[in-house]
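The values are calculated or read from the model by the stated rules, or taken from the named source; none is laboratory data. Remember, it's a predicted structure, so these values are computed and weren't measured experimentally. All Cβ positions, even for glycine, are placed from backbone atoms using ideal geometry, and neighbour counts span all protein chains on display.
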């Protein structure tokens, strides 16, 4: 069974499709990289997977024990978010809040979960620091820890390395691969083709064609030419 299955999915706004006839399956342990130029529906697909937007046509099926609210989400950062006046501990704790249940105070179990994710990502020592005073790479690790507090199954990341230098970017990709090897499904939207090295599946969106394939080695010459011509790859 698949965690997420999109059947003849059409997405867009005001009844006008950006993506149509999308059929993909995302299974436990997959690492899916979603590529494509701006305006082809990547953000629309993310919103739909998160339940923030309804499809125009077709359907999304969540199965194999996955509920939609169990998807951990790391969004693109805005300037306001980067300047958020809270400690690292406070930011990560919010990831323990279940959407179907809310309590006034954090439980011991929630605090232990937040601590374990901070330790797992090597940032427990930053817990008392202000989030806005961290480097870009540190902020992304904090947001990743927050997202991991919300899930043990699927994490969805939207352009997570934007603005990071190449060394920090590579470290972040390696960290995600380690998380993926532990059984968590990774879905990442990116303009950076180097991430394909770590992916098990690739979804390429464009206005003319859509490709969904397993592994980079399975992409045909035609697919790669299309990817390069759309400006996803800098050659």
Margin query: Give me the residue from the stretch 30-40 that is in contact with a helix residue (DSSP H, G or I) (Cβ under 7 Å, 6 or more places away or on another chain) and under 16 Å from residue 179 (Cβ atoms) and, out of that set, modelled with the highest pLDDT.
Written below: 31
Next item on the list: Output the residues belonging to the stretch 178-194 that are at pLDDT below 85 and within 15 Å of the chain's Cα centre (by Cα).
Entry: 191, 192
Item checked: Selection within the stretch 177-213 - outside any loop (DSSP other than H, G, I, E, B) and free of Cβ contacts under 8 Å to residues at least 40 places away in the same chain -> 178, 179, 181, 194, 197, 211, 213
Checklist line | Of all residues in the stretch 41-52 being in a loop (DSSP other than H, G, I, E, B) and modelled with pLDDT of 90 or more, the one that is nearest to residue 128 (Cα to Cα) | finding: 50
Item checked: Boolean, residue 219 is farther than 23 Å from residue 11 by Cα, crowded, with 18+ Cβ neighbours inside 10 Å, touching a helix residue (DSSP H, G or I) at 6+ places or on another chain (Cβ under 9 Å) and modelled with pLDDT under 80 -> no
Note to self: Being free of Cβ contacts under 8 Å to residues at least 24 places away in the same chain and over 16 Å from residue 160 (Cα atoms) is the requirement here; does residue 59 meet it?
What the structure shows: no
Check: Which condition breaks for residue 38 when tested against (1) without any contact (Cβ under 8 Å) to a residue 24 or more places away in the chain; (2) farther than 17 Å from residue 209 by Cβ?
Finding: (2)
Margin query: One residue is enough: does the stretch 116-132 have a residue meeting the conditions surrounded by 22 or more Cβ atoms within 10 Å (Cβ to Cβ), touching a strand residue (DSSP E or B) at 6+ places or on another chain (Cβ under 7 Å) and either at positive phi or outside any helix (DSSP H, G or I) (or both)?
Written below: no
Next item on the list: Scan the stretch 86-109 for residues that are at pLDDT 90 or above and in contact with a helix residue (DSSP H, G or I) (Cβ under 6 Å, 6 or more places away or on another chain) and jot them down.
Entry: 86, 88, 91, 92, 93, 95, 96
Check: Checking residue 105 against (1) over 27 Å from residue 31 (Cα atoms); (2) under 21 Å from the mean Cα position of the chain (by Cα), which single condition isn't satisfied?
Finding: (2)
